[in-house]
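Mind looking over this structure? Questions follow.
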């Protein structure tokens with residue numbers, strides 16, 4: 001495991017160095033996206049937000065932001081589960097020329113294949129700390145606020161050493177969660193054999 005501090009827009013060579021299990025702290029420019037923006041662009045045919053052409057770091061998040069007198073105050077920030085957006089994952093990586101996606105859990109096979117082609121990684125929070133991260137994020141602008149609402153809007157963020165995040169999909173097509181699942185399955189078989197539990201064991205049904 002290595003620890004990296006990267007700044008977006010990213011140097012492609014830095015992204016290629018990342019391997020599953022590495023830790024990353026991220027600074028620089030990012031933008032946000034949830035399901036409504038995906039549908040807005042890829043299903044309904046609207047233009048992509050300007051941020052998608054300017055920034056190569058996407059965060060799957062619906063931040064809680066107060067908007068007063070033209071100023072933005074970030075109240076809470078916690079990435080949401082990326083696998084929810086697998087339907088649009090490959091298209092977003094390709095169309096928006098992404099090099100990193102921040103989100104909980106992981107993404108599926110089609111998105112992983114596009115990440116290999118486009119030199120993109122997916123990283124997940126190492127812990128749940130929504131309020132601890134607020135001081136590492138500045139909101140600089142917002143797009144589609146009226147059209148999509150505060151949670152689904154495209155927020156422009158300036159990051160200052162946000163993290164740590166764990167690389168769970170790298171540019172070689174490796175997936176940390178799949179790797180862990182394989183280890184867990186192997187250990188489960190060994191544990192059941194050690195405890196004398198038969199292969200056809202079923203958990204007790206209470207109802």
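The values are calculated or read from the model by the stated rules, or taken from the named source; none is laboratory data. All values derive from a computational prediction rather than experimental measurement. A quick note on method: Cβ atoms are made from the backbone with ideal geometry, for glycine too, and the neighbour counts reach across all protein chains shown.
Against the condition in contact (Cβ under 8 Å) with a residue 12 or more places away in the chain, surrounded by 20 or more Cβ atoms within 10 Å (Cβ to Cβ) and farther than 15 Å from residue 171 by Cβ, how does residue 60 come out, does it pass?
Yes: the conditions hold for residue 60.
Each row is one residue, and each column tells you yes or no for (1) surrounded by fewer than 18 Cβ atoms within 10 Å (Cβ to Cβ); (2) under 18 Å from residue 10 (Cα atoms).
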{"site": "34", "(1), (2)": "no, no"}
{"site": "43", "(1), (2)": "yes, no"}
{"site": "56", "(1), (2)": "no, yes"}
{"site": "64", "(1), (2)": "yes, no"}
{"site": "67", "(1), (2)": "yes, no"}
{"site": "70", "(1), (2)": "yes, no"}
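Then there is this: Condition first: modelled with pLDDT of 95 or more and under 19 Å from residue 167 (Cα atoms). Can you find one or more residues in segment 35-53 that meet it?
The answer is no, given that none of the residues of segment 35-53 is modelled with pLDDT of 95 or more and under 19 Å from residue 167 (Cα atoms).
Could you identify the single residue in 89, 21 that is in a loop (DSSP other than H, G, I, E, B), under 23 Å from residue 178 (Cα atoms) and out of contact with any strand residue (DSSP E or B) (no Cβ under 6 Å at 6 or more places or on another chain)?
Checking each option against the conditions leaves just 21.
Sort out which residues of segment 92-104 are under 16 Å from residue 173 (Cα atoms) and touching a strand residue (DSSP E or B) at 6+ places or on another chain (Cβ under 8 Å), and write them in order of number.
Passing the criteria: 93, 98, 99, 100, 101.
I would also like to ask the following. Taking the residues in segment 36-55 that are touching a helix residue (DSSP H, G or I) at 6+ places or on another chain (Cβ under 9 Å) and part of a loop (DSSP other than H, G, I, E, B) as candidates, determine which candidate is farthest from residue 136 (Cα to Cα).
My answer is 46.
Is it the case that residue 167 is surrounded by 20 or more Cβ atoms within 10 Å (Cβ to Cβ), at pLDDT 95 or above and out of contact with any helix residue (DSSP H, G or I) (no Cβ under 9 Å at 6 or more places or on another chain)? Before the answer, list the steps.
Values: surrounded by 20 or more Cβ atoms within 10 Å (Cβ to Cβ): yes; at pLDDT 95 or above: yes; out of contact with any helix residue (DSSP H, G or I) (no Cβ under 9 Å at 6 or more places or on another chain): no.
The answer is no for residue 167.
Restricting attention to segment 113-129, which residues are surrounded by fewer than 16 Cβ atoms within 10 Å (Cβ to Cβ) and in contact with a strand residue (DSSP E or B) (Cβ under 8 Å, 6 or more places away or on another chain)?
126
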